[in-house]
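**Student:** Here you go, one structure.
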Amino acid sequence: MSSRKILVTGTAGFIGYHLAKKLLELGHEVVGYDNINDYYDVNLKYARLNELGISRDNLKDNQLLASTTYSKHKFIKANLEDAEVMNKLFKSEKFDAVCNLAAQAGVRYSIENPHAYISSNVVGFMNILEACRNFDVKNLSYASSSSVYGLNKSQPFKTTDMTDTPISLYAATKKSNELMAHTYSHLYNISSVALRFFTVFGEMGRPDMAPMLFADAITNDRSIKVFNHGNMSRDFTYVGDIVEGIVKVIENPPIDLQPPFKVYNIGANKPVQLLDFIETLENALGKKAEKNFMDMQDGDVVSTYADVSGLIDDFGYKPDTSLEVGIGRFVKWYKEFYKINKGE
């Protein structure tokens, strides 16, 4: 298909980095957008940007910087909440599509710092919707979350299930994004797709999520926290499979629907028991974990399991990277990035 100019927010983040890289490899023009906040180690965020040819030393707030690696890539360090910067960028760049992956992340952190979530995830998303409306961008995709299913008991989670019982503010902001996008799709004919991500892992992953927390603890002889005494399962999904699904959505927006609005689950369609995940990680690291079994945490759910039939039916989506292969790639990157076992 023909090349498009795509705004990808959150390109210093885990999924955003991988998506930007894939889109560039496919020949699209990508403008990255991220505020590089310190919710977790900014050195990892800058390492991702560096892979995209964006140097930390050359970055200035609210100014576009050209990549030294990809001729079709530029990046701007800015806040989603800054409507003036957002509108100026939309006016000058004339985007064909927008994929919003920037957000204040983390279920547990939303209990401690709720205002950050409203600011970034609600006000920031509102600015994106308004910019799409005012500058005639009709192709919008954005990150939602499996957390919107909240207290829903039926599994696998289907996009037709009720999502009116969130149990964290993070989940509530993601549900609000879907409602806001539906309104703009209806009023202004903007094609919008919500992607409800399930537990994503892989190279360059987030240090606040289980794979990295576990790998770090095991490597450094610390015990790992196993919540709900291990009686948990997650639809662990390799980042490469996630990116494949996002690209399909960006390249084929649902323009024929009325309103042109769609919600998809995007996951592996295969829940893994937490203790099995830990065992796979132990095997890849070549080291056993010391487990500290704990009670359930506030804001957490026992199990997630994605029904991804929508993406399969509409796009031929196939999340086929096995847990063993994905964890192997993650551990290889982890050891190299953190310079572990270099003497082996």
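**Student:** Tell me, what % of the accessible area of the chain is carbon and sulfur with a 1.4 angstrom probe?
**Tutor:** That fraction is 48 percent.
**Student:** Using a probe radius of 1.4 Å on heavy atoms only, what accessible surface per residue do you get for segment 201-330? Whole Å² is fine.
**Tutor:** With all protein chains present, segment 201-330 gives 44 Å² per residue.
**Student:** Another question, then. What share of Cα pairs, in percent, lie more than 21 angstrom apart in segment 216-344?
**Tutor:** 53 percent
**Student:** Would you compute the Debye intensity of the chain from its alpha-carbon atoms alone, equal scatterers and no solvent, and pass along log10 I(q)/I(0) at q = 0.10, 0.16 Å⁻¹ to two decimals?
**Tutor:** Taking Cα atoms of the chain as identical point scatterers yields -0.57, -1.55.
**Student:** Could you give P(r) for segment 171-270, binned at 5 Å from zero, as whole percent values over all Cα-Cα pairs?
**Tutor:** Whole-percent P(r) values from 0 Å outward: 2, 11, 15, 17, 17, 13, 9, 7, 4, 3, 1, 0.
**Student:** On to the next question. Taking the Cα centre as origin and putting +1 on Lys and Arg beta-carbons and -1 on Asp and Glu beta-carbons, what dipole magnitude results for the chain, to the nearest 20 debye?
**Tutor:** Around 520 debye, computed over the chain.
**Student:** Based on the Cα coordinates of segment 1-136, what is the per residue volume of their convex hull in Å³?
**Tutor:** 102 Å³
**Student:** Projected onto the charge dipole of segment 85-133 (+1 at Lys/Arg Cβ, -1 at Asp/Glu Cβ, origin at the Cα centre), which of PHE95, ALA116, LEU129 gives the Cα projection farthest towards the positive end?
**Tutor:** PHE95
**Student:** Excluding residues fewer than 8 places away in the same chain, name every one of the lysines whose C-alpha is closer than 16 Å to that of LYS91.
**Tutor:** Of all the lysines, those that pass the test against LYS91 - Cα under 16 Å, at least 8 places apart if same chain - are LYS5, LYS74, LYS138.
**Student:** Moving to a separate point now. Over 5 Å intervals from 0, what percent of Cα-Cα pairs in segment 233-301 sits in each interval?
**Tutor:** Answer for segment 233-301: a P(r) of 3, 12, 14, 17, 15, 13, 10, 7, 5, 3, 1 percent.
**Student:** For segment 21-141, what is the accessible area per residue in Å², given a 1.4 Å probe and the full set of protein chains?
**Tutor:** Normalised by residue count, the accessible surface of segment 21-141 is 46 Å².
**Student:** Taking a 30 Å limit on the Cα-Cα distance, which of the listed pairs LYS248/LYS288; LYS22/LYS335; LYS22/LYS60; LYS60/LYS248 fall beyond it?
**Tutor:** LYS248/LYS288; LYS60/LYS248, as the Cα separations exceed 30 Å there.
**Student:** Rank THR69, THR9, THR160, THR321 by accessible area, highest first, at a 1.4 Å probe radius?
**Tutor:** THR160, THR69, THR321, THR9
**Student:** Further question on the same structure: Have a look at ASN58, ASN231, GLY13 and report the one farthest towards the positive end of the charge dipole of the chain, computed about the Cα centre with Cβ charges (Lys/Arg +1, Asp/Glu -1).
**Tutor:** Comparing the listed Cα positions along the dipole, ASN58 ranks first.
**Student:** Oh, and also: Cα-Cα pairs above 16 Å in segment 1-74: how many percent?
**Tutor:** The share of Cα pairs beyond 16 Å in segment 1-74 comes to 41 percent.
The values are calculated or read from the model by the stated rules, or taken from the named source; none is laboratory data. Here the structure is a predicted model, which means the values were calculated and not measured. Ideal geometry is used to build each Cβ from the backbone, glycine not excepted, and the neighbour counts take in all protein chains shown. For accessibility, only protein heavy atoms count, side chains too; no ligands or nucleic acids. Shrake-Rupley method; radii C 1.70, N 1.55, O 1.52, S 1.80 Å.
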